[in-house]
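Visitor: Below you will find the structure I want to go over with you.
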Amino acid sequence: MDTTNLHLLSAVDAARLIREGAISSEQLVEACLARIRDVDAQVRAWAFLDPDYALQQARAADQFRLTGQPVGPLHGVPVGIKDIFDTTDMPTECGSVLYSGRTPSRDATTVSLLRAAGAVIVGKTVTTEFAFFSPGKTHNPHNAEHTPGGSSSGSAAAVAAGMVPLALGTQTAGSVIRPAAFCGVIGFKPTHGMISRHGVLQLSRTLDHIGVFARTIDDVALLAEQLVSFDENDPDTRPRARIPFLETSREEPPLAPMFAFVKTPHWERVDSESKEGFSELVEELGAQIEEVELFPSAADAWDWHRAILGAELAVNLHREWDKGRDKLSEALRTQIERGQEVRAADYLRARAQAEAANESFVELFEQRYDTIITPTAPGAAPKGLSSTGDPTFCSVWTLLGMPAITLPLMQSSNGLPIGVQLVGPRGGDARLLRTARWLTGKLKEI
């Protein structure tokens, strides 16, 4: 077979070809490393990369396959890991000089699951400082003068630039959906508590989610399938039956999905190109989409998110604050100071109101709609690297713990991708992927 563009293989195809012996993991990883050598000087997606070690893992995977023993669903497939996931064989520095050279003694649960599935951990991708708003060194692969988003900037850019087919990230406000949209890949944030966060930097137990990046829905489903599990070390995970993400996502919906078009109270922030794109999308979907106004109290949801994030971040970063506040960015210091001032009554009220708000969405999904459709950001990636962009259109769904996916379905006049965000009911993750596939196919037919 042609091996000149192995770095562009999907994870599903790569895993199959390795399993069948048509290609080796070493060939695939070398192709990805060659791509990194070609483009990463401009994109700068990696916080840590040891090519020799990546190839060593690949050769070990190839040797293991030859033993005839069963191999995992991701056997020999390269994956990038956001640099806030603990890895025993690579530094985990969280984008901060305070953690320079830190190498944990245990893998994060997600990293262990990837290794069990046979994945090759290529390296650690760039994160913003402590997964907050201060940008890292990464540039947007489509235009280096534009932000790749954050905080999972390196993971989104690495997948978008063809350096790896899969990568992990996290989202506490919009840090999976936004960079995926800006970089033109698929980003998926499952229901809160679906994927263990043990061994991952904690900013907010209430808001932190693990998310995934890929270039195809099949790849998103394959990766999610390996990671969703119960972990007694993460109190928000629950024992559950195995979710057949890949099988469900490939099914034809029994009925054409109904979409609720939610502009949110912040629609005025959306730029004219994105508004025009959504107008065209609504027109194409016709009877399958209806505009829905959020319930009145939803306008306060962004304040609830701000109070919860501020208070929990201040608690979780108290050691960094006490020992090295002079080495933190001004933005992070300001956020911690604000979080320290959040009153207990306001924090608890925000938690309670957010949980109550979920009941309104349960009714919305049960009565008529399969999926919410909404912007991922006010527009394409902004020019400049001093900001990671606006998370407003993501944070409310993070607050409510609902699964979300962004699809690269639009493009700005300057050639930058614009994402379309789909949001599903909590626990409806696999069906959300099925709806995303249906929508992608529907628009390709037009």
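What follows draws every value from the coordinates through simple rules; no lab data is involved. Because the structure is predicted, anything quoted here is derived from the model rather than measured. Here the Cβ positions follow ideal geometry from the backbone for every residue, glycine too, while neighbour counts run over all protein chains shown.
Visitor: Translational diffusion coefficient of the chain at 37 °C, 0.692 mPa s, Stokes-Einstein with Kirkwood Rh over Cα pairs, in µm²/s as a whole number.
Guide: Translational D for this selection: 150 µm²/s.
Visitor: Now for a different question. Cα convex hull of the range 68-148: how many Å³ per residue?
Guide: 110
Visitor: Find how much the distance from Q42 to E337 grows on full extension, using 0.36 nm per residue of separation minus their present alpha carbon separation; answer in nm with one decimal.
Guide: 102.7 nm
Visitor: Right, here's the next one. So which trypsin sites (Lys or Arg not before Pro) in the range 328-393 end up in coil per DSSP with only 10 or fewer other C-beta atoms within 10 Å?
Guide: Of the trypsin sites (Lys or Arg not before Pro), the ones in loops of the range 328-393 whose Cβ has at most 10 other Cβ atoms within 10 Å are R343.
Visitor: Taking the range 180-263, which GluC sites (Glu not before Pro) meet the DSSP loop condition and have no more than 11 other C-beta atoms within 10 Å?
Guide: Here the GluC sites (Glu not before Pro) that fit, given the DSSP loop and packing criteria, are E232.
Visitor: While we're here: Would you mind ranking E145, E129, E330 so that the residue whose beta carbon has the fewest other beta carbons within 10 Å leads the list?
Guide: E330, E145, E129
Visitor: Set the Förster distance to 35 Å, then compute FRET efficiency between Y53 and K327 from the Cβ-Cβ distance, nearest 0.05.
Guide: The formula returns an efficiency of 0.75 here.
Visitor: What ranking do E359, E280 get, fewest neighbouring Cβ atoms within 10 angstrom at the top?
Guide: The order, fewest Cβ neighbours first, is E359, E280.
Visitor: What list do you get for V12, V176, V315 if you sort them by fewest beta carbons within 10 Å?
Guide: Arranged by neighbour count, lowest to highest, V12, V176, V315 become V315, V12, V176.
Visitor: With the radius of gyration and the Kirkwood radius both derived from the Cα set of the range 378-421, what is their ratio Rg to Rh?
Guide: Reported Rg/Rh, Kirkwood definition of Rh: 1.01.
Visitor: Next up: Take the alpha-carbon centre of the range 405-434, take the same for the range 215-259, and report the distance between them in whole Å.
Guide: 16
Visitor: May I pose another question? Based on the Cβ-Cβ distance of R349 and R238, what FRET efficiency does E = 1/(1 + (r/R0)^6) give at R0 = 30 Å, to the nearest 0.05?
Guide: Efficiency computed from Cβ-Cβ geometry: 0.70.
Visitor: Here's something else I'd like to know. Ignoring everything except DSSP H segments at least 4 long, calculate the 222 nm mean residue ellipticity for the chain; use -39,500 (n - 2.57) per segment, divide by total residues, nearest 500.
Guide: Taking each H run of at least 4 residues, the total per residue is -12500 deg cm²/dmol.
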